[in-house]
Amino acid sequence: MILCDPETRADWLVCRKRGIGGSDAACVVGMNRYKTNVQLWEEKTGHSCAEDISDKPAVAFGVAAEPVLRNLFQVEHPEFQVTYHPYRMYAEDRHSWLYATLDGELTGDAGKGILEIKTCTIQNTAQWETWENRLPQNYYVQVLHQLLATGWDFVYLYAYLRYHSGGAPRKQIREYFVNRADVLDDLAWLLEKEETFWELVQAEMKPALILPEI
C-alpha cells in the first residue's frame, strides 16, 4: 500500500520517524559501518537526532547522478516502464512501520519491480571484493527490506562505480538482479530482525549493540 505521499523532503523526513526505512535496515542487523543499531534506536525513540549528511560530497554526487542514471537505465532496458515518485512511501499492509521510498518503479512482463540506484567510489581491493558477483551486504539487506515493504517481484540494483587506475579516474556500471522467489528465507530472517527492533523502539528498551564485521 502507499503509506504516504509527501510533497516535500521536509514532510518526508517527518514521516520517516514513524518506522524503519530501507537505509535503516543495515543498521538494524549491524551491517552499517557508519551507524549502529543502538544509534538508530536512539534516533527512532527521539533520544538523538540523525546527522544531516546531505552536504557531504559523496551524498551530493549521488543525488545529482540519480536522475541521469535512472534515465540511462530506461534507455538500456526498454522492456520496462520506469516511473518515479520522489517522496512516496510504500508499506506492506500488516507492517505499516516497515516502509520504503524507491529510486524507481519497474513494470514489465516480469511483473512489478524496484529500481535501486547506487553510486560508490572504490578506494581499495577490499571494496572491489564486496561487489564481485554479489551485492555488498548492506545494500543486499536494503534490497530485502524494499521487497518486504512493497511485496513486489524483483529488484534491479544499478551501481555506478568510480575508481582510479593508472593514475586516471575511471568508472563502470554494474547491474544486479534479485528475484523475490530466490530470497524467501532471507526475507523471513530480516523481517524477524526488524520486528524485534521495532518492538524495542515501541517499548523504549535499548537493544544490545551489534558491531559490523571488520
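Taking the Cα centre of segment 85-214 as origin and assigning +1 to Lys and Arg Cβ atoms and -1 to Asp and Glu Cβ atoms, the resulting dipole is close to 660 debye. Here the peptides 62-73, 158-169 are ranked by packing, the mean other Cβ count within 10 Å, and the order with the highest first is 62-73, 158-169. Here Lys35 is the anchor, and the aspartates and glutamates within straight C-alpha reach of less than 15 Å, apart from those fewer than 8 places off in the same chain, are Asp24, Glu43, Glu51, Asp52, Glu213. Applying Stokes-Einstein at 4 °C and 1.567 mPa s to the Kirkwood radius of the chain, computed over alpha-carbon pairs, gives a translational diffusion coefficient of 71 µm² s⁻¹.
Remark: for residue pairs Lys56/Lys193; Lys112/Lys193; Lys17/Lys56, the C-alpha separation exceeds 24 Å in Lys56/Lys193; Lys112/Lys193.
Straight-distance candidates among the lysines for linking to Lys171, with alpha-carbon spacing under 16 Å and chain neighbours fewer than 8 residues away dropped: Lys118.
What shape does segment 29-141 have by the C-alpha gyration tensor, where a ≥ b ≥ c are the square roots of the eigenvalues, rounded means a/c under 1.5, and otherwise prolate means a/b greater than b/c and oblate the rest? Because a/c hits 1.5 or more and a/b fails to exceed b/c, segment 29-141 counts as oblate. Scaling against 2.2 N^0.38 Å puts the C-alpha radius of gyration of segment 169-213 at 1.80. Each residue of segment 137-145 was assigned a 3J(HN,Hα) from its phi angle through the Karplus curve 6.51 cos²θ - 1.76 cosθ + 1.60 (θ = phi - 60°); the sequence is 4, 5, 6, 4, 5, 4, 4, 4, 4 Hz, with glycine and proline shown as x.
Listed peptides 124-132, 200-208 appear in the order 200-208, 124-132 once ranked by packing, highest mean of other Cβ atoms within 10 Å at the front.
Taking other residues whose beta carbon is less than 12 angstrom from the beta carbon of Ile2, and scoring Lys, Arg as +1 and Asp, Glu as -1, yields -3.
Scalar couplings 3J(HN,Hα) for segment 70-82, obtained by applying the Karplus form with A = 6.51, B = -1.76, C = 1.60 to θ = phi - 60°, are 5, 5, 5, 4, 4, 5, 7, 10, x, 6, 10, 8, 9 Hz; x denotes Gly and Pro.
Read-outs: derived from the displayed coordinates by stated rules, not from any lab. These numbers come from a predicted model, not from an experiment. Neighbour counts run over all protein chains shown; Cβ positions are idealised from the backbone, glycine included.
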